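Remarks on the structure that follows.
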Amino acid sequence: MKRVFAILAFLVALGVGQYVIVSKFAIRHEVLTLFDASRQRPISVEIAVRRDYETKANLGLWKLPLAIISNGNTVRATEYSFLANVLAARGYLVASIQQDLPSDPPLMTHVGQQYVGRREVYMRCEANILFVLNELRGRQENADYDHITLVGHSNGGDVSMYVARQHPELVSKVITLDNLRVPFVLNDHMKILSFRSKDPHFVTDPGVLPTPEEAKARGIDIVHTGAQHTEMSDRGPDSVKEKIQATLDRFLSDSASSALAPADTTSPMIMNPADY
């Protein structure tokens, strides 16, 4: 009996740490230091890709799906490894872009203006993404640059939603973690998954979230995590990150017909991030 419990305990531990193990042994990480001469702007990008899928792509036997991760304000692009590992484990080529620089103006809020006055920030980040896409084309030709997945936290989530609105022909999926400013794209050809916080200090602007009827009609998945806004990065507790990883994995496993519950923007799908 003790042996049975020991095996069960091992399997549970293996399930919890699967992305840590995969990241350490199966995923290749590389930091690219790029420079956009047209804007005189350095852009740092962390690449994550599974070695076996990269080998298949290099042999012309596989086309890597591509995911772009955009960081939240004051969070480093390298602090979303818990998301990058899930995507890379699924065979994605993942590019985490450092969207802001210390020399950039501070992120300000102007009430009453569109996107609270942050449109120029989104346009700058959009240019970063388009530049990185062009650079990656020259480095990995066997990736799918016509059906990209955009991922972002907070301001990075707004950047992802903004770019999806501007370039719907390029984007197949959008995954956000508590974007607060840019309204959701309503597009039948785009799958959307959004994790929401329960945080009085970070309130979603009116009109950003779809209505329950719109979400259901468009197949948009809204996940109420019960977590704090700032916990949606590597800085957050393992209980929050593991829940997000598991839900994201399910979303990626069958994005054509999501296995998640029908979206409801008023009732939490996840009440307690400690209980899956």
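Rule-based calculations on the coordinates, nothing more; no lab input. What you see is a predicted model, and the numbers here were worked out from it, not measured in a lab. Here Cβ is always computed from backbone atoms with ideal geometry, including for glycine, and neighbour counts include all displayed protein chains.
Looking at Ala57, Leu87, Gly72, which one has the Cα that reaches farthest to the positive end of the dipole of the range 46-99 (charges on Cβ: Lys, Arg +1; Asp, Glu -1)?
Final value for the positive-end residue is Ala57.
List Val75, Val132 from most exposed to least, where exposure is judged by having the fewest other Cβ atoms within 10 Å.
Ranking Val75, Val132 by Cβ neighbours within 10 Å, fewest first, gives Val132, Val75.
7 Å from Cα along Cα→Cβ at both Thr74 and Ser239: what's the point-to-point distance in nm?
2.4
What shape does the range 22-140 have by the C-alpha gyration tensor, where a ≥ b ≥ c are the square roots of the eigenvalues, rounded means a/c under 1.5, and otherwise prolate means a/b greater than b/c and oblate the rest?
It comes out prolate by the Cα gyration axes.
Ranked highest first by the average count of other Cβ atoms within 10 Å around their residues, in what order do 95-106, 228-239 fall?
Going from most to least packed, we get 228-239, 95-106.
Could you pull out every residue, at least 5 positions away or on a different chain, whose amide H is within less than 5 Å of the one on Leu64? Hs are placed 1.01 Å off N in the peptide plane, and Pro or chain starts have none.
The list, which skips near neighbours in sequence, is Ala143, Asp144.
Can you tell me the dipole magnitude for the range 15-253 around its Cα centre, using point charges on the Cβ only (Lys, Arg +1; Asp, Glu -1), in Debye to the nearest 20?
260
Mind ordering 30-43, 151-164 by average Cβ neighbours within 10 Å, highest first?
Output ranking for 30-43, 151-164: 151-164, 30-43.
Per residue of the range 130-140, in order, report the coupling 6.51 cos²θ - 1.76 cosθ + 1.60 (Karplus, θ = phi - 60°) as ³J(HN,Hα) in whole Hz, putting x for Gly and Pro.
After applying 6.51 cos²θ - 1.76 cosθ + 1.60, I find 5, 5, 5, 4, 5, 5, 5, 4, x, 9, 9 Hz.
Can you bin every Cα-Cα distance in the range 15-253 into 5 Å intervals starting at zero and give me the percent of pairs per bin, rounded to whole numbers?
For the range 15-253, the pair-distance distribution reads 1, 6, 14, 19, 21, 17, 12, 6, 2, 0, 0.
Hey, what do the phi angles of the range 208-214 turn into as Karplus ³J(HN,Hα) couplings, whole Hz, using 6.51/-1.76/1.60 and θ = phi - 60°, x for Gly and Pro?
For the range 208-214, the Karplus-derived couplings read 6, 6, x, 5, x, 5, 5 Hz, x marking Gly and Pro.
Using 7 Å Cα-to-Cβ label points, what is the Arg139/Glu30 separation (nm, one decimal)?
Reported label-point gap for Arg139 and Glu30 is 0.6 nm.
Order these by the 10 Å Cβ neighbour count, fewest first: Lys198, Lys173.
Lys198, Lys173
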